[in-house]
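Here is the structure we will look at.
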Amino acid sequence: MNPLLYFAFGALCVAAAALIMVLQFGFRFSPSQRLAFKKITNVLHAIWAFCAISFGTIVGVAYGWDTHGWIGAIAVGFIGCFAGAVAAASPALILQIFR
């Protein structure tokens, strides 16, 4: 399967989990629900970070291999990893870019 499909499926799962939480809890949380929300948010952020960094690295390696061979794969893979780390740190930035 295409790595982009895995990334899209992960993003869809994150969006579905967020929608379920909003529908179940509304916008008012008790202290125990806030703690659960914080834990779930941390897990979702970790999943997002893994997906973003992996996707950036895979795209960088594929492009580098295609254009410059194995040295290009290593060099552009590092650049893709850095770009993925920036995307992982700020999902709002990625949404602004695509807007």
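The values are calculated or read from the model by the stated rules, or taken from the named source; none is laboratory data. In this text the structure is predicted, and so the values were computed from the model without any measurement. Here Cβ is always computed from backbone atoms with ideal geometry, including for glycine, and neighbour counts include all displayed protein chains. SASA here: full protein model, heavy atoms, side chains in, ligands and nucleic acids out. Shrake-Rupley method; radii C 1.70, N 1.55, O 1.52, S 1.80 Å.
Per residue, the chain exposes 75 Å² of solvent-accessible protein surface, assessed with a 1.4 angstrom probe and all protein chains in place. Based on C-alpha pairs under 8 angstrom that are at least 6 apart in sequence, the chain has a relative contact order of 24 percent. Rounded, prolate or oblate: pick one for the chain, where a ≥ b ≥ c are the square roots of the eigenvalues of its C-alpha gyration tensor, a/c under 1.5 means rounded, and failing that, prolate if a/b is larger than b/c, else oblate. Prolate, since a/c reaches 1.5 and a/b exceeds b/c. Estimated from the Cβ-Cβ distance and a Förster radius of 30 angstrom, the FRET efficiency linking Y63 and A15 is about 0.60.
Using a/c under 1.5 as the rounded threshold, could you call the range 26-70 rounded, prolate or oblate? The axes a ≥ b ≥ c are square roots of the C-alpha gyration tensor eigenvalues, and prolate needs a/b larger than b/c, oblate otherwise.
Verdict is prolate for the range 26-70.
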